[in-house]
Amino acid sequence: MLARATTFTLLGIDGIRVTVEADIHTGLPSFTIVGLGDAAVQESRERVRAALVNSGFDFPLKRITVNLAPADLRKAGPAFDLALAAGLLAASGQAPPDRLAGHAFCGELGLDGSVRRVRGAIAMADAAATAGCEGIVVPPDNAGEAALVGGLDVVPVGTVRELAAFLAGDGPPVAERLDARDWLAADPPEGEDFAQLRGHRALKHALEVAAAGNHNVLMMGPPGSGKSMAARRLPSIMPPLSFGDALEVTRIHSVAGVLGPAPLVQRRPFRAPHHSISAPGLVGGGGPPSPGEASLAQHGVLFLDELSEFARPALEALRQPLEEGCVRVTRAQRTVSFPARFLLAAATNPCPCGYQGDPRRQCCCHPSVAARYRARLSGPLLDRIDMILRVEQPRAKDVMAEAEPEGSRTIRERVLAARAVQERRLRGSPAACNAHMTHAQLRRVANLEPAARAALHDAHERAGLTMRGHDRVLRVARTLADLDGSDRVLRRHVAQAVAYREPPPVLDGAVAGMLV
Amino acid sequence: MTACDGCLRRTALLGLLAPWVERARKPNRRRLPEVLALSDDELIEALCSTKRAEVDRPLARFDPAHARASAEAAGIEVVCRHAPRYPRLLAHAADAPAALHLIGDGALLERAARDGAVAIVGSRRASSYGIEMAGSLARDLAACDVPVVSGMAYGVDSAAHSGALAAGGPTIAVMPGGADLAYPPGKRCLHEQLKTCGLAVSEMPTGMRPFRWSFPARNRIMAALARMTIVVEGTEGSGSLITASFAQDLGRDVGAVPGQATSPLAAGPNRLLSEGAAVVRSASDVLDALFGPGKRPVPAAGIGAAAPHPALAARLEPRLRRLLQSVETGIGSVEGLAEGTDVADALAGLSELEFLGFVGRGPGGDYVRRV
């Protein structure tokens, strides 16, 4: 007897429909799965067999063939277990086949018949809704995220028995559809606040500018000066996630298997991979392709501490997401695209020992070593970083100061106002903030007062501003004007933006502008 | 090519014995001039008496014609101590180099002897202040046609050469290895510029790589070539103090750029100052010490000068003047400079000062007063 069940596999962050055909015939007892399944799919035979038997069902001692269609698509992972069990129950006559038609089944089975959570349930539910399924049967742990998708019933089943009950027409109630919009409106938990960061006035101001224009920043300073602490608090001053963005982030996190206990990601993600990370780890890859840290930081902050210590291939791989806002992983068979639009916050020591330019400690690096260290940062990556800040060790009197520093809420108000101006100005274009503007857009909206134009000229002449630094200065100046509520970019905005450019190179021990 | 066979042979011997000198050298660096003052035979006897053959055999094969040819091929002019062009400043010392290898403008040596040159030395890991001081001193001295002698090392040395070159003035680099060998390799560009617009000098044979002892050996030549040696920055025990002590031994002037008492980099110059070295705050201090007060003024707008005339600072608007004063007191960080004012205003003001040329930025991103 033949039974068909619908399930989904993941390709990138999308669900692809897979039909499980279970066929039971008389013959020598055997259990074969065909259709390009990986090891986890092959092993599902053992899980399904044990789960059925341990739940009190018969496992037919006949010739069983399971086909996963389309047969030319590689399938991976244990999420087919539930569809397999449903198909076998129906094909062996232990459950009625009626409900198989309209529903999709996703879930991993335990040997005792329990149903375990899978990765990417929200993507599968979304694909099921698009495919016109009436409902989706998922593990209870995935019910919350699957219910974020409107337009279909979500049926959580905890065991194979519950699955059989569902197929028989009764069984567990449909999970309540979460109205995520209400839920998101609640203020996200503020674990980390800028009020905890004492001193560092210049750094905080710069990060406010970065958040306002979504500018990538590089913090340069001695170890222990508070670079990481500040970066961690960056999401708290960024605008809250919109519902659509939150869904997208949830989907990526679900596919990567890093979704927390809450079904919806409520806050902007903050990802801080260690500098030993590989290029695929950072931007995504592997077979089947899974999202990397850059994608997990979608709509949030990607923090790279010790930027100079990252492997060059990993940093090179970041160029595509920084330019295009997505990562394309190309394999022999097909190309998968992961969204990856994030604010890059990087931190580095100015030299290997970290004390170059520190007035209180002598740097102990050989100049050529320090120059090489800095040279690792140069090039295309720095081109994509709008602001470079020098971070100082905070002074004791600032740390001990009585006055409570400004909190994240107050800063966020200003950031939100600046973002609102940008959104109004950029309405109808793919860019939503100053950092994402194209060169042409930037020229159009810059609106420099004559004195500001002169300042830009001065910066080229006297402060060694390069052509490639020009756009970056203009972008940051535009954000500064937006924060000021000024329609025109004034001279002081340009002057301040110039202060955020790259310091001169270490090599040749000469200050900028001197012939070497 | 003005070098006699004997002097070329001595140079080749130095190359052969270099590893032995390295091994024999005791912590007491002051003995190096005594070692270098020994005659050829005494030198071999003192350094490798047990393995004479290892040196004697290649030395017997030494061919002056070949040495001349290889020097010529590298574009090196060799001047031995019996030649009339050999600088008198060096000639009378017992440990004077047998021959000098020159690439570039050889006439600079005569100018140094006639007009008096100034050696500017200091730490490789100099601060932005040290780099700025070395560069501006060299720029103004070179603009007054005073040759600037240094060692092309990272930090202060390179800044001195760069400053002199920026003013289009004379500058001499004394190399620790062969004159044709850019050392440190990271300074290849500067070496090229020195070869065309200045002079690279060495007592070592063509193409020889430097040994540890070559640096103090080179320092004694720097001290001898200059009428005054100025230490810009250096920790206690820094190589620049060795140069200063060579200068003292030769009876030449020693000057030092004062620094902050608490800074380890200022320890060397400050000690020299306490021992009676001349205080060097600007090029005019040096010129006054060399030629008598007021005899040679620094050109009002120094050629290649980076900063506007100090008098202009008084005309800055009060906001910028206050900022500039803070930078002048040695505060380099935005955090410190923005104290008591708005951060945005401070940043904008610093950029304005940078546009005007009053301040510059060090490699660490700190602000420094340009002079």
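Annotations for the structure displayed:
- Positions within the stretch A:17-46 being more than 22 Å from residue A:72 (Cβ to Cβ), among the hydrophobic types (A, V, I, L, M, F, W, C) and assigned to a loop (DSSP other than H, G, I, E, B), in sequence order: A:28
- Search result, residues across the stretch A:454-509 that are of a type in the set (D, E, K, R), away from every other protein chain (no Cβ under 11 Å) and either free of Cβ contacts under 8 Å to residues at least 12 places away in the same chain or assigned to a loop (DSSP other than H, G, I, E, B) (or both): A:487, A:488
- Filtering the stretch A:148-167 to residues that are assigned to a helix (DSSP H, G or I) and surrounded by 20 or more Cβ atoms within 10 Å (Cβ to Cβ) leaves A:160, A:162, A:163, A:164, A:166, A:167.
- If you go through the stretch A:413-430 and pick out every residue that is among the small types (Gly, Ala, Ser), buried (at least 19 other Cβ atoms within 10 Å of the Cβ) and within 23 Å of the chain's Cα centre (by Cα), you end up with 0.
- Selected residue (criterion: farthest from residue B:199 (Cα to Cα)) from residues of the stretch B:74-95 that are of a type in the set (A, V, I, L, M) and modelled with pLDDT under 90: B:94
- Candidate set: the stretch B:311-343, residues that are within 34 Å of the chain's Cα centre (by Cα), of a type outside the set (A, V, I, L, M, F, W, C) and surrounded by 12 or more Cβ atoms within 10 Å (Cβ to Cβ); chosen: the one nearest to the other protein chains (Cβ to nearest Cβ): B:333
- Yes/no for residue B:308 being part of a loop (DSSP other than H, G, I, E, B), surrounded by fewer than 16 Cβ atoms within 10 Å (Cβ to Cβ), within 13 Å of chain A (Cβ to nearest Cβ) and out of contact with any helix residue (DSSP H, G or I) (no Cβ under 6 Å at 6 or more places or on another chain): yes
- Residue within the stretch A:389-396 that is closer than 29 Å to residue A:193 by Cα, within 12 Å of chain B (Cβ to nearest Cβ) and either in a helix (DSSP H, G or I) or among the hydrophobic types (A, V, I, L, M, F, W, C) (or both) present: yes
- Where residue B:135 falls short, out of the listed (1) buried (at least 22 other Cβ atoms within 10 Å of the Cβ); (2) touching a helix residue (DSSP H, G or I) at 6+ places or on another chain (Cβ under 8 Å); (3) more than 30 Å from residue A:350 (Cβ to Cβ): (3)
- Within the stretch A:370-388, the set of residues being part of a helix (DSSP H, G or I) and without any contact (Cβ under 8 Å) to a residue 24 or more places away in the chain comprises just one member, A:372.
The values are calculated or read from the model by the stated rules, or taken from the named source; none is laboratory data. In this text the structure is predicted, and so the values were computed from the model without any measurement. Please note: Cβ atoms are built from the backbone with ideal geometry, for glycine as well, and neighbour counts cover all protein chains shown.
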